[in-house]
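Below you'll find the structure, written out as C-alpha cells, and then a few comments.
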Amino acid sequence: MSLKNYGVLKGKPVDSMMGRGQNSHYQVLIKDDEEGIQYRIAINIKSQSYPSEVLYFVGEDFHSEDITKLPDLEFGFTPIKNNNPDIGLDYIRGNLFDPGKMIPLPADVEGPDNDLNEKIQYYIKQAIDKKAIIYAFGERWGPEQNKPDKYFGFLPGNGIHDIHMNQGNVGRWKNDNGIWQDGGILIHFEQEKRWVAIFLAFQSQSWCTDEKGNAIKTVEECSHKNVNNQ
C-alpha cells in the first residue's frame, strides 16, 4: 500500500495557527494566487506513537536537484503518480539531508524557541511577511463540499497532510508506507533567491526500508542516528 493521493501543494501562506491538544498539528492557510482557491496544510508536531517528540531538521539555505522543477509547477495541488522521483521526496533514497542531524522536539512546552510549534512558526511567519511561496508535500484531502474548513472557515474544506516521512511505519500506519512519497515543507524566498526546507519524521519509524517502503530492520537497529552507517 501507499498514500492514495500524494503530491505537492504550491501556494502563498496567509495565516497560521499553532497546534494544541493530544493530536497536535500546526495549521497553515494557503492561497492559490492564480485561482484564488484556499487550502490548509496540517503539519504533525506530535506523534501518536511513543515517543511523542517528532524528529525535526531544517535546511536554512537548502540546495537540491529536487527543487529545480518546483518553480515551473502551477499553483495549487499537483499529483505525483507512480512514485515519481523527479518531483517526489524520499528521505532515505533522495540524499536530501543528513538524517543524523534530526533532533526530537516536543510539540508545545513553556519557554522560548524550544518546541516544534515555535520552530515552524518562525519560518511560516517569515514566509507570510515576505510573501514567499510554499511547497507542501504530503497527501491531499477534499475538496469537502458543503463542509467549511474546521480551522480557517473557508469553503469547501480542502488541504494536505502527512507532512512527514511516510515509510518505515509499523502497526496501524503500515499501509501508508511507500517510497518517493515523503512529506515536507519547502519555502522559496524569491527575492532572496533562497530556499528553506523543513523535514519531519516520527521516532517510531525505521530508516531501513525495502522497495515498498516497509521496514526491513527495527528502529533500534536502524534509526535516524545510524542509517548512514548501515
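Every number in this text was worked out from the coordinates using simple rules, so none of it is lab data. Since the model is a prediction, treat every value here as computed from it, not as a measurement. Cβ: placed from backbone, ideal geometry, glycine included. Neighbour counts: every protein chain shown.
Using the Cα coordinates of segment 73-120, the gyration tensor eigenvalues translate into equivalent-ellipsoid semi-axes of 30, 17, 8 Å, sorted from longest to shortest. Qualifying GluC sites (Glu not before Pro) in segment 13-119, where qualification requires a DSSP coil assignment and no more than 16 other C-beta atoms within 10 Å, comprise GLU34, GLU35, GLU60, GLU74, GLU110.
Between VAL170 and VAL14, 0.36 nm times their residue separation minus their Cα-Cα distance comes to what?
Full-extension gain reported as 52.6 nm.
Straight-line reach from LYS225: taking Cα to Cα under 18 Å and skipping same-chain neighbours fewer than 8 places apart, the lysines in range are LYS101, LYS217.
Report, for the chain, the % of DSSP beta bridges that are antiparallel, rounded to 5.
Beta bridges within the chain, antiparallel portion: roughly 95 percent.
Taking Lys and Arg as +1 and Asp and Glu as -1, the other residues whose beta-carbon sits under 13 Å from that of PHE57 total 0. Once every Cα of segment 140-195 carries one equal point scatterer and solvent is ignored, give the base-10 log of I(q)/I(0) from the Debye formula at q = 0.12, 0.15, 0.28, 0.31 Å⁻¹, two decimals. Log10 of I(q)/I(0), two decimals: -0.49, -0.70, -0.97, -1.08. Legend: Rg and Dmax of the chain, from Cα coordinates, 16.6, 51 Å. Using a 10 angstrom cutoff on alpha carbons, build the Gaussian network for the chain and name the most mobile of ASP15, ASP129, ASP33. Comparing ASP15, ASP129, ASP33 in the GNM, the peak value goes to ASP129.
Calculated mean residue ellipticity, 222 nm, the chain: -2000 deg cm²/dmol, from DSSP H runs (n ≥ 4) at -39500 (n - 2.57) each, averaged per residue and rounded to 500. So how tilted is helix 116-129 from the main axis of the chain? Cα-based, degrees 0 to 90, rounded to 10. In the chain, helix 116-129 runs at an angle near 40 degrees to the longest axis. Inter-part distance, segment 66-116 to segment 153-230, computed on C-alpha centroids, equals 7 Å. Pairs of Lys residues in segment 1-76, spaced 8 or more positions apart or belonging to different chains, with C-alpha separations under 19 angstrom: 4 in total.
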